[in-house]
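Asks: Before we start, here is the structure in question, set down as structure tokens.
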Amino acid sequence: MDKVFHSVTLDSNKCVGCTNCIKRCPTEAIRVRDGKAQIISGRCIDCGQCIRICPHYAKRPVYDPLSVIDSYKYKIALPAPALYGQFNDLDDIDIILTGLLGLGFDHVAEVSAAAELISEATRIYMSKKGIKRPVISSACPAVLRLIAVRFPDLCEHVLPFVSPMEAAAMIAREKARQETGLSDDDIGIFFISPCPAKVTDVKSPIGKAKSSVTGVLAISEVFPKLASLMNKVGETEPLSQSGVIGVSWAGIGGESAALLNEQHLAADGIENVIQVLEGLEDEKFRGLDFIELSACSGGCVGGVLTVENPYVARARVQRLRKYLPFSCSHLPTHAIPEYMNWEHSLEFSPVMELSSDITKAMKMMSEIDRISGLLPGLDCGSCGAPSCRCLAEDIVKGGAQITDCVFILRERIHNISTTLASMGSNPLASVQEKMMRMPSPMQKSDRDE
Amino acid sequence: MSSSISLHFDVSGDDFTRAGEASTQVKKTLKKIGYDSDAIRRVAIAMYEGEINMVIHAGGGTADVEIYPDRVDIVLTDEGPGIEDVEKAMTAGFSTAPDNVRSLGFGAGMGLPNIEKYTDSMRIETEIGVGTKMFLSVNAGGSNS
Ligand SMILES: Nc1ncnc2c1ncn2[C@@H]1O[C@H](COP(=O)(O)OP(=O)(O)O)[C@@H](O)[C@H]1O
Ligand code: SF4
Ligand SMILES: [Mg+2]
């Protein structure tokens, strides 16, 4: 099996081999082979796009069940700010946080509080000389992975800071150690996540050898249990430590707004993100200092593990932050804390390239061009590749055959049988007739639905 | 024959919204073959500027790209009005772009200066009323940028 951990997986029992996911994957990481989808591990960035669009629920996010918290003596919940947008008619974050204690957690450490520290540190970072501008946010792990596989020149532009989740976990762990005297193994820190990308970020982090987060729970699983508990919350405890800045990280634009004076651009949704990255690579935008990107529409409130519509959730977050102070958490001194820095920078991984040998790659490219010319150019997906050109690439790389194209296959069968017919004997005539009436794989999967 | 990849594009002068597609395509090809990333960036920018110029100043044209392992050659050909004073056109900020184009953010007069900056060689052949031909070359691993 793969060495790389992925939080987006396939349930092959549910997969009918349709073409929905292969066409929408931003890194062309999915193929249909033998009637089932397959994810090419090195290319997958765990953005969750295929989970969102699979009509058969065959793409599954991996996360921890709520029951994992029971194996730890001291349990800390790290709610993502996106969680706050899930509840209707709420005007006090403390109700959610008190509810989390009711679920069995001993302590709650808001990710939005750590986000305020990251914002403050980013403001310091932005004032430095010699950094690569524009600086690209490092908050969305799906975007980081996208940059790592497709945009080598942009790797250096990424803000070299851990995410608010990671910072919250590090601070909470240190505090728990001191206050409880427990060992690390007894302290369980659980992120309540809007997306599978964050699960991957914990299991195999970027910029750090090991995450301080113990496990990742899904907002969608915690939400119903929490909602019913919240109805019963009487006295709330004054737990919240977030201001407008921290809570605003839930939606797109929040992180940039917190930088106050920087010229920024904020883009959401994986297709828009790709367009912005392409433009940045070609130096098409001038005068920008900061780029905030989130793989999901609307920002993290649009993550695939949330329950509410992202725009509704964002409106709710706006209401929640109404009477909050600007910021509640502050760095102890006006300096970037050591723990926030990445241990190593983002590295380009050339998984999309044909070969590391340029002459060989050029030969392969010419061959891809030649084969592309033979294919019908319909991009129908029946061969299992997202486009005719992509099939040509798979053929040249050795993962597919030209007869995977249903039109080429049909033509070949037709040619063989006419040849045989012209030779007098016609043993294949009836076979040919049947073949011509046979539905193409695409029609077959339509029928199976 | 030394191995190379040839690409040809017709750059339409009618549809402004499609300007930049040829350079995007070249960039995709270069990325796929794992080309030197600095050279990709320079090719993408220089060719984009040349392509846009053909669209806004010359009513379209053609682009021929030849990719060698160590160099990319680009020839941009149009049958537009030609450039009256090449030296003047090359100065930063000089532009004859009409207002409607400027309102889209083009016409800052930085196209030709940028092409010069990002390529390793640049040659312009132009004749009033006949057209313009631009020969650009970018070395992979070259230090110009
Ligand atoms: N292909 C071309 N045909 C005719 N004129 C051109 C062409 N390319 C550039 N020019 C002239 O050179 C000038 C400067 O070009 P450039 O530096 O790209 O600035 P801009 O395109 O912003 O005007 C243009 O305004 C135009 O007068
Ligand atoms: S935008 Fe937020 S929710 Fe979506 S993948 Fe990125 S981190 Fe996860
Ligand atoms: Mg120009």
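The values are calculated or read from the model by the stated rules, or taken from the named source; none is laboratory data. Note that the coordinates shown come from a computational prediction; the quantities given were computed from them, not determined experimentally. Ideal geometry is used to build each Cβ from the backbone, glycine not excepted, and the neighbour counts take in all protein chains shown. SASA here: full protein model, heavy atoms, side chains in, ligands and nucleic acids out. Shrake-Rupley method; radii C 1.70, N 1.55, O 1.52, S 1.80 Å.
Asks: Which condition from (1) at pLDDT below 95; (2) assigned to a loop (DSSP other than H, G, I, E, B) is the one that A:LEU378 breaks?
Replies: Of everything listed in (1) at pLDDT below 95; (2) assigned to a loop (DSSP other than H, G, I, E, B), A:LEU378 misses just condition (1).
Asks: Among the residues of the stretch B:36-63 satisfying the criterion of being among the charged types (D, E, K, R) and within 12 Å of ligand 1 (Cβ to nearest atom), which is most open to solvent (accessible area, probe 1.4 Å)?
Replies: B:GLU49
Asks: Among the listed residues A:SER127, A:SER112, identify the single one that is of a type in the set (S, T, N, Q), surrounded by 23 or more Cβ atoms within 10 Å (Cβ to Cβ) and either touching a helix residue (DSSP H, G or I) at 6+ places or on another chain (Cβ under 6 Å) or over 22 Å from A:SER204 (Cβ atoms) (or both).
Replies: Just a single option satisfies the conditions, and that option is A:SER112.
Asks: Are any residues in the stretch A:10-40 more than 18 Å from A:LEU146 (Cβ to Cβ) and not in a loop (DSSP other than H, G, I, E, B), and if so, which ones?
Replies: Scanning the stretch A:10-40 gives A:LEU10, A:ASN20, A:ARG31, A:VAL32, A:ARG33, A:LYS36, A:ALA37, A:GLN38.
Asks: Scan the stretch A:232-250 residue by residue and report those that are within 15 Å of A:TYR84 (Cα to Cα) and either aliphatic (A, V, I, L, M) or in a loop (DSSP other than H, G, I, E, B) (or both).
Replies: Once the filter is applied, which keeps residues that are within 15 Å of A:TYR84 (Cα to Cα) and either aliphatic (A, V, I, L, M) or in a loop (DSSP other than H, G, I, E, B) (or both), the stretch A:232-250 yields A:LEU239, A:SER240, A:GLN241, A:SER242, A:GLY243, A:VAL244, A:ILE245, A:VAL247, A:TRP249, A:ALA250.
Asks: Same structure, new question: For the stretch B:1-90, which fully contained helices (runs of 4 or more DSSP H) count at least 2 residues that are without any contact (Cβ under 8 Å) to a residue 24 or more places away in the chain and within 14 Å of chain A (Cβ to nearest Cβ)?
Replies: Helices (runs of 4 or more DSSP H) meeting the threshold: B:21-32, B:37-58.
Asks: Within the stretch A:156-170, can one find any residue that is in contact (Cβ under 8 Å) with a residue 40 or more places away in the chain, touching a strand residue (DSSP E or B) at 6+ places or on another chain (Cβ under 8 Å), open to solvent by 10 Å² or more (accessible area, probe 1.4 Å) and more than 30 Å from A:CYS25 (Cα to Cα)?
Replies: no
Asks: Just to be sure, is A:ILE408 touching a helix residue (DSSP H, G or I) at 6+ places or on another chain (Cβ under 6 Å), in contact (Cβ under 8 Å) with a residue 12 or more places away in the chain and either assigned to a loop (DSSP other than H, G, I, E, B) or more than 14 Å from every other protein chain (Cβ to nearest Cβ) (or both)?
Replies: yes
Asks: Quickly run through the stretch B:91-123 and pick out the residues that are among the hydrophobic types (A, V, I, L, M, F, W, C), surrounded by fewer than 18 Cβ atoms within 10 Å (Cβ to Cβ) and under 24 Å from B:ALA39 (Cβ atoms).
Replies: If the condition is that a residue be among the hydrophobic types (A, V, I, L, M, F, W, C), surrounded by fewer than 18 Cβ atoms within 10 Å (Cβ to Cβ) and under 24 Å from B:ALA39 (Cβ atoms), then B:ALA92, B:MET110 are the ones that fit.
Asks: Next question, about the same structure. Which of the residues spanning the stretch A:10-24 are out of contact with any helix residue (DSSP H, G or I) (no Cβ under 6 Å at 6 or more places or on another chain) and among the hydrophobic types (A, V, I, L, M, F, W, C)?
Replies: Listed by number, the residues that qualify are A:LEU10, A:CYS15, A:ILE22.
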